[in-house]
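Asks: Dumping the structure here so I can ask a few things about it.
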Amino acid sequence: MNDSTFIFSFEKNFDFDGVLVWIQTYWTLSFVYVFIYLLLIYLGQRWMQLRDAFELRTALALWSLSLAVFSIFGTCRFLPQIMTEVHQHGFEFTMCDSSSFKKNLIISFWGWYFAVSKVVELGDTAFIILRKQKLVFLHWYHHVTVLVYTWFAIQELVPSNRWFTLMNLMVHSVMYSYYAFKAMKFKIPRFIAMTITIAQLLQMAGGLYVNWRVYSVLASGRGCGTSMWHIKLAISMYASYLLLFAHFFYNSYLKKPMREKSA
């Protein structure tokens, strides 16, 4: 971290070593959270079958706004650190060297709370169920796999994970802001929602690119701070996201609705 970088007291006092020991010991709790999450989805949908949908606009606006603020602040703190590393050491360093997790408290602080936020974001689904909206496979699959992968990657100190963190924070800054304004009944042009989905597609393409670059480094025989099987797993995950988001984009914005047959 550059000596001239301003650091908040809560970042400076972050106990990286203590958090690392905790997550390395308990990262498998992510599977417990996933089990509880899926069970609550099942029970919640059954409970709502004979009930009217809740409106929950104020709660949804506050929920989305809080996640938007977190993502915006995280982006503002995380992005300059990554760009400084790229400028000083090169792109490969940011993909393959995990030393900044210990040396840069801004990266370690926001990386940790980013991982925590993946548990908090499971709450998104509660609003879908309680408002009796359609729960698509992409929604819960994405929440489940991101949570498990993020907790695994952070306890392994996977260097490329900081790129995934940055991209996700950037997209969520816009996405949750959109949800908040929509919940407050602002009239938002359709192209905004389309742009957010395009940003999500670019995020998945970016994830594949970073993993491919790491794979190339490992295949050449050079060390890269992670294992080949982990990169193959991450590539599979990001490829599935890209396909699912592409399918969602096509159905939402490109597919022409079927015209009803004339009587």
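Values in this text are rule-based calculations from the coordinates and carry no lab data. Here the structure is a predicted model, which is why all the values come from computation and not from measurement. Please note: Cβ atoms are built from the backbone with ideal geometry, for glycine as well, and neighbour counts cover all protein chains shown.
Asks: Separation between the SER240 and VAL120 pseudo-spin-labels, each 7 Å from Cα along Cα→Cβ, expressed in nm?
Replies: Placing both labels 7 Å beyond Cα along the Cβ direction yields 2.6 nm.
Asks: State to the nearest 20 debye the size of the charge dipole of segment 19-254 about its Cα centre, where the only charges are +1 on K and R beta carbons and -1 on D and E beta carbons.
Replies: It comes to approximately 520 debye.
Asks: Between ASP97 and PHE54, 0.36 nm times their residue separation minus their Cα-Cα distance comes to what?
Replies: 10.7 nm
Asks: Which one, CYS224, CYS96, CYS76, has the greatest fluctuation when you compute a Gaussian network model over the chain with C-alpha springs under 10 angstrom?
Replies: CYS76
Asks: If you don't mind, another one. Projecting each Cα onto the charge dipole of the chain (Lys/Arg +1, Asp/Glu -1 at the beta carbon, about the Cα centre), which of MET83, THR58, PHE152 comes out farthest on the positive side?
Replies: THR58
Asks: Please state the relative contact order of segment 53-176 as a whole percent: Cα pairs under 8 Å, 6+ residues apart?
Replies: Value for segment 53-176: 46 percent.
Asks: Working from Cα positions, state the angle (0 to 90°, nearest 10) between the long axis of helix 137-156 and the longest principal axis of the chain.
Replies: So the helix axis and the longest Cα principal axis differ by about 10 degrees.
Asks: Which angle from 0 to 90°, rounded to the nearest 10, does the C-alpha axis of helix 228-249 make with the longest principal axis of the chain?
Replies: That works out to roughly 30 degrees.
Asks: Among PHE248, PHE78, PHE164, which one shows the biggest mean-square fluctuation in a GNM of the chain, springs joining Cα atoms closer than 10 Å?
Replies: PHE248
Asks: Please flag any cysteine in the chain that has no other cysteine's Cβ under 4.7 angstrom from its own Cβ.
Replies: For the chain, the answer is CYS76, because their Cβ atoms have no other cysteine Cβ under 4.7 Å.
Asks: Where does the Debye-calculated log10 I(q)/I(0) of the chain sit at q = 0.15 Å⁻¹, using only Cα point scatterers of equal weight, no solvent?
Replies: Listed by q, the Debye log ratios stand at -1.22.
Asks: Does a label point 7 Å from the Cα of LEU62, set along Cα-to-beta-carbon, have any residues of segment 170-196 with amide nitrogen under 20 Å, and which are they?
Replies: From segment 170-196, the list is 176-186.
Asks: If each of GLN24 and LYS134 carries a label point 7 Å out from its Cα toward its Cβ, how far apart are those two points in nm?
Replies: 4.6
Asks: Between LEU202 and ARG222, what length in nm is gained on full extension when 0.36 nm per residue of separation is reduced by their alpha carbon distance?
Replies: Separation in residues times 0.36 nm, less the Cα-Cα distance, equals 4.4 nm.
Asks: Rounded to the nearest 10 degrees, what's the angle between the helix 57-89 long axis and the longest principal axis of the chain, both from Cα atoms, 0 to 90?
Replies: Long axis of 57-89 versus the principal axis of the chain: about 30 degrees.
Asks: For the chain, calculate the relative contact order in percent as a whole number, restricting contacts to Cα pairs under 8 Å that are 6 or more residues apart.
Replies: Taking the mean separation of contacting Cα pairs over the length of the chain, I get 27 percent.
Asks: Could you give the length gained by full extension between TRP47 and HIS89, i.e. 0.36 nm per residue of separation minus their alpha carbon distance, to one decimal place?
Replies: 9.7 nm
Asks: Just name one of SER177, GLN49, ILE128: the one whose Cα is farthest towards the positive end of the charge dipole of segment 19-254 (beta-carbon charges, Lys/Arg +1, Asp/Glu -1).
Replies: Most positive-ward Cα: GLN49.
Asks: Here's a follow-up. At most 13 other Cβ atoms within 10 Å plus a DSSP loop assignment makes a site exposed; report the longest stretch of the chain without any exposed trypsin sites (Lys or Arg not before Pro).
Replies: So the longest stretch without any such site is 52-133.
Asks: Under 19 Å between alpha carbons, and skipping anything fewer than 8 positions from LYS185 in its own chain: which aspartates and glutamates qualify?
Replies: Here the aspartates and glutamates satisfying the reach criterion relative to LYS185 are GLU55, ASP124.
Asks: Also, I was wondering about something else. Set the bar at 21 Å for Cα to Cα. Now go through LYS232/LYS255; LYS118/LYS187; LYS12/LYS102 and name every pair that lies beyond it.
Replies: Too far apart for the 21 Å limit: LYS232/LYS255; LYS118/LYS187.
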